[in-house]
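Where a number appears in this text, it was derived from the coordinates with a stated rule and is not lab data. As the structure is a prediction and not an experimental result, all values here were calculated from the model. As a convention, Cβ positions derive from the backbone with ideal geometry for all residues, glycine included, and neighbour counts pool all protein chains shown.
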Amino acid sequence: MVHDPDSCEDGGELLPPGHRVGAWTVIGPIGEGGWATVYAARRAEDAAAGTDGAGGRVGTDGPDGADDADGTVGSDDADGTVALKVLPTAGLAPRQARQVAEAARREAELARSAPHPRLVRLLDTLTLAAPDHPALDGSIVLVMERARCTLRDLLATGVDEEQGARIIAGICEGLAHLHRSGWVHTDLKPENVLIGRDGEVRLSDFGLAIELVGTHGHSAPMGTPDYLPPERWKEPLGERGVKIRATADIWALGIVIHEVFAAGVPPFPGATPTARSAAAQQYAEGRAALRLAPDVPPFWRTLAADCLAPTHAARAAHTAESLLARIRAHRSGRRFRRARPRPRTALLALATCATAAVTAAALWPDPGPPPQSARIRVFNAERGCQQRTDRDPVCSLGLAVDPLRPYTADNVVPTRVWHDDTLDADCQLPTGLPIIDEEDRTSTLWYRVRLPGPATAWLPAVRTRDRPALQLCP
Amino acid sequence: MSGILVHLPEGSGEAAVTLRLGPGERARFGRGSAGTPVELRLGDEAVSRLAGEIHATDDHWQLSNLSNTHAYLVENPEGAGEYLRVPPRRIGAPIPFEFSRVVLPSRRETPLSFQVFAPDHVYLDPHAHGGSWESRTMTAYSLDETATYFLVLVALCEPWLRDHSPAAVPTTPQVVARLRNHPACARLTARAVSSHLDYLADEKLRIELPDAGGRADRRNGKREAVVGLALKFGIVREEHLALLPRPEAAEPGR
């Protein structure tokens, strides 16, 4: 073989702890992928605001290391650490180096053009200057929010049905958003599903993600055999690569659903990925039946089977959007069943609220000049956080310094707010940065709120149900 | 996983037969008769009516020897004499070769044989590292870098890899000449080079060819498409040039 085993094994050289990368200081490696090594890092103490393009860090939560509960409207992690994905290009032939640069460009492009709470946040990209580590000098570095673990790690420790349901719903939210934005992930697998510090899903690794042109796009012939749809093995390789459609992600989702509810066991039998791919092929060609593990609960088994429909055409009916709707219906049905003593009351309360709103509108048909300020109540779309009153940092929400700048670490004030808190809003900005919440509601509307002391910050309108008619902010 | 390909060359008045078996599919071979149908008919008195069975499994295949008396040999034509002996009545012997020639005893001068190709063998990407290999993202088309077809591919790509900015892809005779000094290619013929090219384009990379022109155009188009895609997707890289024998023209001092 032509490869020098020493240079290929063990991933080569690592950045030592303490190494400075832009505004960040390396803590240590936390993972390795095909082309990249991921490190934990923290903002360097002497990194002044604005010196490196990443800006200064503003606030943190308490010392317990919990992150905010919301992906979009959040800061970086509570302990101030981030993940650095380092993609070395030194030592690669020019064509490969271009491939790596292209993968990094895609990740950055997707993060820029289609941010979402269920996609891992990209905080910055930079080029590594490491003259004393020639193998790493010139590497591309993606600075990302740090996750707690991957779904693969979580599967190893066991996932109960409720947790699994939450994770699959999260993946569906991310996929629905990607597909709606015209992207296909193409490499969905538990390794690429991160679990944020808040316990919520963050899809990651968009190095192979492709943008669709019409109904399909083309990708380099790469993938993870266990998650490739059966038609991929027959798809011809054209000038631009292989044809990819959104149903490829749906197939992969079917495999992931099975793994989540069957303790990590893939749905197709076989000792190696190759054997399992062959079994999937056999199933797709109608020579074998789909035999899903009996421990997968019935609702999820049906869902997985739909995702694993044998052909693109049969799978096309099951979009991420429609699957998500089914999951939400299933979950809210379960919630109602569990809350059996008072389902009627809950519905009644809802109806009362709606009536009250109508009455209010009727009583004040002419609002007159907008008021100087209004009380708004914070709304956290995370249902688990709505009942809690312990002000757990996990359920806290962030407020922005500047509603026109990306909602990143350095653009969040130290003060956190919780569901049902009331804030004094003094004006509104209808054209801020668009914010999408966990329920996929989007809004560019922001309220300026007063904080204790002579300070203000900005709350995105998706974080409250109130819509006071305030004057426009100057 | 597209399965395996079984090819029986023409002989003794019978046309050549090519069967494609998907994973889990089987093909029986033997002399055959009205009562014992076979998918692969071998017209030789020395062969039983039902001599054996091929079963495509995972990325490889299994050979069952249904003869009571004869052992079959499975040779690896690229393995410098490497072969397996499958004894009588052995069921489901796994065959590890990508290329195999199954040899059955015959009363004729030349032994009776057919070929089996298993193009689905998977190789890890050379630069990949970290994590479990099972869930690693990899190139969906993996080539055996020690196989002759790979040498042919590297020879075809060589002008681009050496930045000669060539006008055209090397021709088949040029490839034969280029590989002549390689120990594995001393007896490589132009026809073999063409077969390797077809195998790469049709079975390994599954290249989509625009429908155009006659046979010669198509052959050239295939050659160009193979080179273009192999370079574009990094299947052949600069480091692979080391596999080729030294270029003669590069040593003007001698």
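Assorted remarks:
- Chain B: most fluctuating residue of B:Val102, B:Val116, B:Val17 per GNM, C-alpha cutoff 10 Å: B:Val17
- Shielding value for A:265-274 is 3, the average number of Cβ atoms from other chains within 10 Å of each residue's Cβ.
- Taking 0.36 nm per residue of separation and subtracting the Cα-Cα distance, full extension of the segment from A:Leu212 to A:Ala329 would add 39.2 nm.
- Kirkwood-type radius of chain B, with distances r between different C-alpha atoms, in Å: 20.2 Å
- Residues in the stretch A:91-122 reached by a label modelled at B:Asp163 [backbone nitrogen below 12 Å; 7 Å Cα→Cβ]: A:94-95
- Environment charge of B:Arg206, counting only residues whose C-beta is closer than 14 Å and scoring Lys/Arg +1, Asp/Glu -1: -2
- With the Kirkwood sum run over all distinct C-alpha pairs, the stretch A:370-463 has a hydrodynamic radius of 13.6 Å.
- Label zone at B:Thr110, where the point sits 7 Å out along the Cα-to-Cβ direction: the stretch B:31-56 residues whose backbone N lies under 18 Å: B:41-47
- Sorted by Cβ neighbour density within 10 Å, fewest at the top, the residues A:Tyr283, A:Tyr447: A:Tyr283, A:Tyr447
- Legend: mean number of C-beta atoms from other chains within 10 angstrom of residue C-beta atoms, peptide B:47-59, equals 2.
- Eligible lysines near B:Lys204 by straight Cα distance, threshold 19 Å, same-chain separation 8 or greater: A:Lys234, A:Lys243, B:Lys222, B:Lys232
- For the stretch B:48-96 versus the stretch B:148-166, the gap between their alpha-carbon centres in whole angstrom: 36 Å
- Rounded tilt (10° steps) of B:215-232 against the dominant C-alpha axis of chain B: 70 degrees
- Residue-averaged beta-carbon neighbours from other chains (10 angstrom radius) around A:230-237: 5
- Spacing of the two label points (7 Å from each Cα toward its C-beta) at A:Ala314 and A:Ala455, in nm: 5.8 nm
- C-alpha long axis of helix B:148-161 to longest principal axis of chain B, angle in °: 10 degrees
- Rounded is the label for the stretch B:1-80, because a/c, from the alpha-carbon gyration tensor with a ≥ b ≥ c as root eigenvalues, stays below 1.5.
- Calculated FRET value between A:Asp390 and A:Asp137, using beta carbons and R₀ = 35 Å, to 0.05: 0.10
- Charge context of A:Gln96, other residues only, Cβ under 14 angstrom, K/R +1, D/E -1: 0
- Ranked for footprinting exposure by Cβ neighbours inside 10 Å, fewest first, A:Arg465, B:Arg218 give A:Arg465, B:Arg218.
- Considering only Cα atoms, the convex hull volume of the stretch A:390-437 works out to 106 Å³ per residue.
- An oblate overall shape is assigned to the stretch B:34-75, the ratio a/c of its alpha-carbon gyration tensor axes (a ≥ b ≥ c) being 1.5 or greater and a/b not exceeding b/c.
- Taking the number of Cβ atoms within 10 Å of each Cβ as an exposure proxy, the fewest-first ranking of B:His55, A:His218, A:His419, A:His258 is A:His218, B:His55, A:His419, A:His258.
- Potential extension, B:Ala192-B:Ala177 segment - 0.36 nm per residue separation minus Cα distance: 4.1 nm
- Local net charge near A:Gly182, Cβ-Cβ under 15 Å (Lys/Arg +1, Asp/Glu -1): 0
- In Hz, Karplus ³J(HN,Hα) per residue of the stretch A:200-206 (6.51, -1.76, 1.60; θ = phi - 60°; x = Gly, Pro): 9, 6, 10, 5, 9, 6, 9
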